[in-house]
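The block underneath contains the structure these notes are about, expressed in structure tokens.
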Amino acid sequence: MDPTSYDVLIIGGGLAGIRAAIAVAETNPRLKIGMVSKVYPMRSHTVSAEGGAAAVLSKDDSYDTHAFDTIKGSDYLADQDVVEAFVREAPLEVVQMEHWGCPWSRNADGTVAVRPFGGMTTWRTVFAADKSGFHMLHTVFQTSLKYDQIHRHDEAFVTKLLVENSRCVGVTAIDVRSGQMYAITAKATILATGGLGRIYAFTTNGNICTGDGMALAYRAGVPLKDMEMVQFHPTGLPFTGILITEAVRGEGGYLLNNQGERFLKRYVPNKMELGPRDIISRAMTTEFEEGRGFEGPHGKYMHLDVRHLGEATIDRRLPFMRELGREFVGIDIVKDPIPVRPVMHYMMGGVDADISGATLMKGLYAAGECANVGLNGANRLGSNSLSECLVFGAAAGRAAAEQVGSLAAAGANPIEAMLKDETKRVEGGFLDKKGGDERIAEIREDMQHSMDEGAGVYRTKEGLTELTRRLDGFRERFERIKIDDSSRVFNTELTAAIELGFMLDCAVAVAHSALAREESRGAHARRDFPERNDEKYLKHTIAHHTEAGPRLEYRDVTLGKFEPKARAY
Ligand SMILES: Cc1cc2nc3c(=O)[nH]c(=O)nc-3n(C[C@H](O)[C@H](O)[C@H](O)COP(=O)(O)OP(=O)(O)OC[C@H]3O[C@@H](n4cnc5c(N)ncnc54)[C@H](O)[C@@H]3O)c2cc1C
């Protein structure tokens, strides 16, 4: 097989990317499929997902309840047609995963177990202990191996989308092992590059979550949607930001302030620890500000207490959490409360895509966390994301497979020229660049801390304006970066520099989108505009890339049978 030309090319070897690859293979077994990942696929961030995946499986549950929970959770910014399709597909995907060998945790009678999750009215989260992502990723990875037509490019780093006559015809990538830059052409390309958590300093996201796919699409002229919607998870370990899964509260853990009080009774009295993430993160922040948090060497924190669950339950349902407590905090969660505080966790925004993953550019699709298909609105419910990767990864794979039949192969001459230009940009701009006095790590840290300060749990006009000003400065400094390592083999300094460029583009889109949305909705909480304003902002923010900064437009949300109401729990 020619490893530089495919029918469908998938960028990303996480849950969404691999699920998409399998869907292409199943839709049309004759298609040649390429799958590129900057790390070995099993190292994708999906592997660290802990809590589980949501789907309606029991006859006591209903599509309508899952849809309503998701739409209310989104603060009515979700597109209701997308949510309706999602809740119907999710159970099929979960059963498919079972058939592919995913070791879901079981009840004593052998049926698949479910656990409660935040913002869901009923128990509908399937899980594999507290290592759900690890097992799900293994399952799809193993399954993908049986398709000879899926050809992997592991440790290949995509730098640019190739666009010819407004159509995406593939990518340029660096083979990290050799340093060789090459073009991969395809009739259709699916972005499944995951999140951008690393634009913040305090995040649960792995080092590789740098928003590459969002920036690739944005630079190529595809807009980003709802980038102001950044999720803060209430329970990260102070200092490392390692996630303590919501499943800890699902299993019955309590959040306590420094008075030993379950303070959530003042904020989400009917849901308590199972309230949605945005509201609990704000409740914790308010308690900290009013002096009811614990003080530690790494700032304020709360206690997450599971001691009452007992050792047997903890070891059966939350063994990894006990390990994390031991390894990273030096406590035994059977005997000690866990210190936690809100931490950046997930990006609701992403590449503007429709229900089948199609973007506004012909030949380009997006799925998983890098995409915004309209499912999560202003706040994602925990455990909807893994299901989203399956449902919309598969949808994008099927749509791309169907589209390529009608498309001609990409021409060779422009590709050669485009590869030459991109090689010149990377070599001239980074590897062989002379001069420069700015360090990548310093700009990155300054950006991350500025994002924490300016676009955190609560936002203000002053804070966001200052953030946009600072980001302009970081972009200027980025032009003057200096790279010490000019070798070709495994040059991680080079890829870190390119990632910093991607992150800066994403951060700018977040800051500008947040500044322009003068209301509070879901995860976007403005101190200066504390109310939701449906009249003006029941709309998606659409950010277009221009040299002068993002150009923003708004698009109506697709409503359905659930009328926007005040959001109380
Ligand atoms: C700690 C943690 C726990 C979580 N727990 C849960 C949970 O319990 N339930 C839930 O529903 N959600 C959970 N989430 C969210 C969920 O795991 C993610 O949203 C989801 O796994 C993202 O999958 P993905 O396939 O979109 O991307 P990823 O798994 O992040 O994969 C991205 C892929 O893109 C590739 N890539 C990126 N850039 C490039 C480039 N430039 N060139 C080539 N390849 C590139 C990477 O190599 C990787 O293979 C959790 C997230 C975190 C961080």
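The values are calculated or read from the model by the stated rules, or taken from the named source; none is laboratory data. Quantities reported herein were computed from a predicted structural model and do not represent experimental measurements. We place every Cβ from the backbone using ideal geometry, glycine too, and count neighbours over all the protein chains shown.
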Region 55-77, residues that are aliphatic (A, V, I, L, M) and touching a Lys or Arg at 6+ places or on another chain (Cβ under 9 Å): A55, V56, L57, A67, L77
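If you scan region 116-131, which residues turn out to be assigned to a loop (DSSP other than H, G, I, E, B) and on the phi < 0 side of the Ramachandran plot? Outline the logic, then answer.
Taking region 116-131 first, the residues assigned to a loop (DSSP other than H, G, I, E, B) are 116-124, 127-131.
Within region 116-131, P116, F117, G118, M120, T121, T122, W123, R124, F127, A128, D130, K131 qualify.
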Just checking, how many residues over region 190-226 are buried (at least 24 other Cβ atoms within 10 Å of the Cβ) and either outside the structural domain of K160 (by TED's automatic domain parsing) or of a type in the set (S, T, N, Q) (or both)? 5
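Could you please find all residues in region 155-166 being closer than 17 Å to Y218 by Cβ and part of a strand (DSSP E or B)? Quick ask: steps written out before the conclusion?
Here is the first cut: in region 155-166, the residues closer than 17 Å to Y218 by Cβ are 158-163, 166.
Scanning region 155-166 gives V158, T159, K160, L161, L162, V163.
Report, by residue number, each residue of region 527-543 that is in contact with a helix residue (DSSP H, G or I) (Cβ under 8 Å, 6 or more places away or on another chain) and not in a loop (DSSP other than H, G, I, E, B). Spell out the reasoning first.
Start the filter on region 527-543 by keeping residues that are in contact with a helix residue (DSSP H, G or I) (Cβ under 8 Å, 6 or more places away or on another chain), which leaves 528, 541, 543.
Of everything in region 527-543, those that are in contact with a helix residue (DSSP H, G or I) (Cβ under 8 Å, 6 or more places away or on another chain) and not in a loop (DSSP other than H, G, I, E, B) turn out to be T541, A543.
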Restricting the search to region 198-214, which residues are part of a helix (DSSP H, G or I) and either away from the ligand (no atom under 11 Å from the Cβ) or among the aromatic types (F, W, Y) (or both)? I199
Answer yes or no as to whether H135 is of a type outside the set (D, E, K, R), surrounded by fewer than 22 Cβ atoms within 10 Å (Cβ to Cβ) and within 30 Å of S281 (Cα to Cα). yes
Could you count how many residues in region 351-373 are more than 9 Å from the ligand (Cβ to nearest atom) and out of contact with any Ser or Thr (no Cβ under 7 Å at 6 or more places or on another chain)? 9
Identify, please: which residue in region 4-60 is touching a strand residue (DSSP E or B) at 6+ places or on another chain (Cβ under 6 Å) and at pLDDT below 95 and is, among those, farthest from the ligand (Cβ to nearest atom)? S5
Taking the condition of being farther than 18 Å from N376 by Cα and touching a strand residue (DSSP E or B) at 6+ places or on another chain (Cβ under 8 Å), how many residues in region 104-124 meet it? 9
In this structure, does T240 turn out to be out of contact with any Pro (no Cβ under 9 Å at 6 or more places or on another chain), more than 18 Å from A511 (Cα to Cα) and either within 13 Å of the ligand (Cβ to nearest atom) or aliphatic (A, V, I, L, M) (or both)? yes
Selection from region 215-240 of residues part of a loop (DSSP other than H, G, I, E, B) and either out of contact with any Gly (no Cβ under 9 Å at 6 or more places or on another chain) or of a type in the set (D, E) (or both) yields A220, G221, V222, P223, D226, E228, T240
